[in-house]
Amino acid sequence: MSPCECKSPCGEKRDNNDVVAGVAEYYSQTLKTSADLKTTACCPAEAMPASHRAVLAEVADEVQAKFYGCGSPIPGDRSIAGLTVLDLGCGTGRDVFLASKLVGESGRVIGVDMLESQLEVARRYVGYHAEKFFGDASRSNVQFLKGYIEDLRSTEPVGVADASVDLVVSNCVCNLSPDKARVFAEVYRVLRAGGEFYFSDIYCDRQLSEAARQDKVLYGECLGGALCLEDFQRLIREAGFSDVRLVRSAPVEVEDARLRELVEGVRYFSCTFRCFKAGGGRSNGKDSTGEE
């Protein structure tokens, strides 16, 4: 990735209520399946570990068809058995159900999303996946909460407590938030000491035009709200994360002609990061590629 060419913070300029309403409309009404996407941003841009692909084959077709992630933000280099995992912006639950099998019956997975239309699909398949993974539909280790990733204390029916989560994951969702600083602060709050924020998101190499930031389709496709890499590094460290590691980066193409004109000259990247909360211990110091 080339250095960010922003001269001032980018991606945080729209009215918060407008952003939330626009994102809600795009994901509840405009998009029906991943086939409706107009860019390569919200799609699997990274190779998933073979062990994860085997589990994914067991995930319900409808859940997979409504997946809009941009990476593979669940650790593949070590066991996560027994951990408590939180998925921000879980949608219909693809990564939640994937993590459910990986943490096993002694672990727990929580999915948070603001859209009832997405959660309705996810909840419909809770028993289905418990039966697949653990042989009993009543033995699910999954819970879905409705709320905003900027305020995890207020999710329904219960909030996410301080220092209650071992691993927070997110897949192409943080860029959709109008207040990314609050998202990162909430992640830091809910993580236990030594816990990890492992997530994939979209970033750009320069400040976006006002027209690009205001375009509902561009924002919904995870590009209009993208941060420059330098802004991300500043915000994540201000939230408290001192150990921040880039795992993977891949270019994102804007295929739609109208959208491409709005972001002419801008380069986008799908990036996966690991960010650790100090204290406690962790299983190893390697990223998912096996590199230090």
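The values are calculated or read from the model by the stated rules, or taken from the named source; none is laboratory data. Just so you know, these numbers come straight off a predicted model, no measurement behind them. Note that each Cβ is placed from the backbone with ideal geometry, even for glycine, and that neighbours are counted across all protein chains shown. The accessibility values were calculated without ligands, DNA or RNA, using every heavy atom of the protein model including side chains. Shrake-Rupley method; radii C 1.70, N 1.55, O 1.52, S 1.80 Å.
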Kindly provide the set of residues from segment 256-271 that are open to solvent by 40 Å² or more (accessible area, probe 1.4 Å) and in a helix (DSSP H, G or I), ordered by number. 257, 258, 260, 261, 262
Residue, farthest from residue 194 (Cα to Cα), within segment 54-82, restricted to residues that are under 18 Å from the mean Cα position of the chain (by Cα) and assigned to a helix (DSSP H, G or I): 65
Kindly evaluate residue 93 against the criterion of being touching a Cys at 6+ places or on another chain (Cβ under 8 Å), open to solvent by less than 10 Å² (accessible area, probe 1.4 Å) and in contact (Cβ under 8 Å) with a residue 12 or more places away in the chain. no
Is at least one residue of segment 274-284 at pLDDT 95 or above, of a type outside the set (D, E, K, R) and surrounded by 13 or more Cβ atoms within 10 Å (Cβ to Cβ)? yes
Here are some residues: 112, 169, 160. Which one is closer than 30 Å to residue 213 by Cβ, part of a loop (DSSP other than H, G, I, E, B) and either in contact (Cβ under 8 Å) with a residue 40 or more places away in the chain or open to solvent by less than 40 Å² (accessible area, probe 1.4 Å) (or both)? 160
Taking residue 176, is it at pLDDT below 95 and either in contact with an Asp or Glu (Cβ under 9 Å, 6 or more places away or on another chain) or open to solvent by less than 40 Å² (accessible area, probe 1.4 Å) (or both)? yes
Collect the residues in segment 214-255 that are open to solvent by 20 Å² or more (accessible area, probe 1.4 Å), among the charged types (D, E, K, R) and either in a helix (DSSP H, G or I) or touching a Pro at 6+ places or on another chain (Cβ under 7 Å) (or both), keeping them in residue-number order. 216, 230, 234, 237, 238
Taking the conditions exactly as written (at pLDDT 90 or above and either part of a loop (DSSP other than H, G, I, E, B) or open to solvent by less than 70 Å² (accessible area, probe 1.4 Å) (or both)), does residue 287 satisfy them or not? no
Residue pairs qualifying under the 9 Å Cβ cut-off, at least six apart or on distinct chains, with the first in segment 59-70 being surrounded by fewer than 23 Cβ atoms within 10 Å (Cβ to Cβ) and the second being charged (D, E, K, R) and outside any helix (DSSP H, G or I), are 65/32; 66/32
Looking at 233, 207, 214, which one is within 30 Å of residue 265 (Cα to Cα) and either in contact with a Cys (Cβ under 8 Å, 6 or more places away or on another chain) or of a type in the set (A, V, I, L, M) (or both)? 207
Quick check: is even one residue across segment 83-96 farther than 30 Å from residue 194 by Cβ, part of a loop (DSSP other than H, G, I, E, B) and of a type outside the set (A, V, I, L, M)? yes
Just to be sure before I move on: is residue 183 buried (at least 23 other Cβ atoms within 10 Å of the Cβ), touching an Asp or Glu at 6+ places or on another chain (Cβ under 8 Å) and either part of a strand (DSSP E or B) or without any contact (Cβ under 8 Å) to a residue 24 or more places away in the chain (or both) in the structure I sent? no
